[in-house]
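Before any comments, here is the structure.
The values are calculated or read from the model by the stated rules, or taken from the named source; none is laboratory data. Keep in mind that this is a model prediction, so the values were computed, not measured. With ideal geometry, Cβ positions are generated from the backbone for all residues, glycine too; neighbour counts draw on all protein chains shown. Accessible surface areas use protein heavy atoms only, side chains included; no ligands, DNA or RNA. Shrake-Rupley method; radii C 1.70, N 1.55, O 1.52, S 1.80 Å.
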Amino acid sequence: MEEDSNSSTSPKGVRVRFAPSPTGYLHTGGARTALFNWLLARSRGGSFILRIEDTDEERSTDESTRAILDGLRWLGLEWDEGPEVGGEFGPYFQSERKELHLKFADQLLKEGHAFVCDCPKDERSDDKAKFDENCRERPLSEQLKLLANNPALPLRLKVEMGRDIVFQDLIRGEVRVSTDEIGDIVIVKSTGGPVYNFSCVVDDATMDITHVLRGDDHLSNTPKQLLIYEKLGWEPPQFAHLPLIVGMDRARLSKRHGATSITAYRELGILPEALVNFLLLIGWAPKDDREEFTRDEMIAAFSLDGIGKSAGAFNTEKLFWFNGKYIRSLSDEEYQRQVFEFVPREWKKAKRDDYIAKVVLLFKDRLTHFAEIEELAWYFFRAPDDYNEEAWKDIMAGNENAALVLKEIPAALKALPEFECERIEKLVRSYAKDKKLKLKDAIQPMRVAITGDRFSPGFFEMAELLGVNEVTKRCSTALAKLNPDD
Ligand code: GLU
């Protein structure tokens, strides 16, 4: 780990940026990069900038830009500057800065650091190839003439071969690459558009970026960018390349590992605070072994030296577990408000809000994500049409008391003056005692009858909410299946 010394000497303090290409959704890797940049800015009193790198016209979409902006806002990773749109900061768009990029490309051409290349296309396809001396050494006037006759010629950086480009990555330490591996890289394509590496350097430099913190899939771009800084006579920022995120099988994170887009997690009902806390711990570790961080605690604890060199693993189960903890820390009202958004429309049509509010509260201590409410609580809205096979075998078919319980308890429940949790509990307990049954042997057959399976929230609360008619009806349906001849 290298000391990042220059940052504190920069007159504007730390300035970092998140620079996604809008060619897909904001995914977990991108969100983590954004978070670490945001934290670096917040922890050092600096600025966090959002630059949408939309120069690839074919692959960039407005929809993707929207998903990125929505995702960052939802995660609470607000950026600090940008052109004002509707009272808030919009991002910078790289495509709007093309003139600036071309101005500096032109400067390099005029200064002899770049050249027009008219080598045949097949020779031009590989950046690593050494180029025809003809192109490199042509006088500027001839190059300009070539360009005037054929604007569809690329500009290449004039790179001296056999030199090592060395930099201190703040995470990986020294990185060294020979210019033989780099070659005379293209800086402006034959289409007239500047390449990513060139636009990126011009933007980072003109935006006074002090630290480039990005995924290590960009590691091979950094020496090329350093060459561009050098030719332009600019001081480069410091670089820190974040190790990849992998799945629990150590393979690169992909759809196969479950949801990877931030939108998908939002739709599953993961809380942004839980996701941010979880992303923080992929590849970054605090000095102690704390796991739960509020936003302020993260800002106070974060520093680049907590970032490890090896790939961070994304453990979906842990995210769900973590999210469950966050769900339980919400007030009941806040929990109900949020989970309501995930309640299926049919439930809202069928039942009153106060009923739904009570149902969802019964699941507050077991939900791992809000969307799970549908698969957990459905039996509060309709009777089961079938029973889990194993549960039926163990609790109904293989239990000599099941039929008795299903017949006698509902009959007694109907006689209760008030169908209310404590009274139900008292009745069931005394029934079990009289019959010398364990409480569970009295309850489980009814639970299977009501839910179709062996799990549910507390039986008595569930029964009260469902009401005496529904409880007794479901018990007699199950009894009819158990004793078809009665
Ligand atoms: N636009 C690049 C990407 O989305 C990021 C470039 C950078 O951070 O320098 O991969």
Glu400 paired with Lys98, simple spin-label distance in nm, labels 7 Å along Cα-to-beta-carbon: 8.6 nm
Is the C-alpha gyration tensor of region 306-455 telling us rounded, prolate or oblate? Criteria: a/c under 1.5 is rounded; beyond that, a/b larger than b/c is prolate, otherwise oblate. prolate
Collect residues whose amide H, placed 1.01 Å from N in the peptide plane, falls under 5 Å from the amide H of Val188; neighbours closer than 5 in sequence don't count. Leu155, Val195
By the C-alpha gyration tensor axes a ≥ b ≥ c (rounded if a/c is under 1.5, else prolate when a/b exceeds b/c, else oblate), the shape of region 413-452 is oblate
Per residue, how big is the convex hull around the C-alpha atoms of region 46-170? Give it to me in cubic angstrom, could you? 189 Å³
So who's got an amide H within less than 5 Å of the one on Ile165, skipping anything under 5 residues away but keeping other chains? H placed 1.01 Å off N, in plane. Val177, Ser178, Thr179
Counting only backbone N atoms under 18 Å from a point 7 Å out along Cα-to-Cβ of Glu235, the residues of region 31-53 in range are 46-47
Taking amide H atoms as placed 1.01 Å from N in the peptide plane, list the residues 5 or more away in sequence, or in a different chain, whose amide H sits under 5 Å from that of Ile270. Phe370
Cα→Cβ-extended label distance, 7 Å offset, between Leu330 and Asp249, nm: 3.3 nm
The ³J(HN,Hα) series, computed from each phi in region 206-222 with the Karplus coefficients 6.51, -1.76 and 1.60 at θ = phi - 60°, rounded to the nearest Hz and given as x for glycine or proline, is 6, 8, 6, 5, 9, 9, 9, 10, 8, x, 6, 5, 9, 4, 6, 7, 4
Work out from phi, with θ = phi - 60° and the Karplus expression 6.51 cos²θ - 1.76 cosθ + 1.60, the ³J(HN,Hα) of each residue of region 89-106, listed in order in whole Hz, and give x for Gly and Pro. 6, x, x, 7, 10, 4, 4, 6, 10, 4, 4, 5, 4, 5, 4, 6, 5, 5
Overall form of region 240-279 per C-alpha gyration tensor (a/c, 1.5; a/b vs b/c): oblate
In vacuo Debye sum over C-alpha of region 299-352, base-10 log of normalised intensity I(q)/I(0) at q = 0.15, 0.28 Å⁻¹, listed in q order, is -0.72, -1.05
For Asp296, solvent-accessible area (1.4 Å; no DNA, RNA or ligand), Å²: 120 Å²
Report the per residue volume, in Å³, of the convex hull enclosing the C-alpha atoms of the chain. 200 Å³
Using θ = phi - 60° and the Karplus form 6.51 cos²θ - 1.76 cosθ + 1.60, what ³J(HN,Hα) does each residue of region 283-288 get, whole Hz, x for Gly and Pro? x, 10, 10, x, 6, 9
How much FRET efficiency would the formula 1/(1 + (r/R0)^6) give for Asp106 and Lys318, where r is the Cβ-Cβ distance and R0 is 56 Å, rounded to 0.05? 0.60
First select every other residue whose beta carbon is under 9 angstrom from the beta carbon of Pro457; then total the charges, Lys and Arg +1, Asp and Glu -1. -1
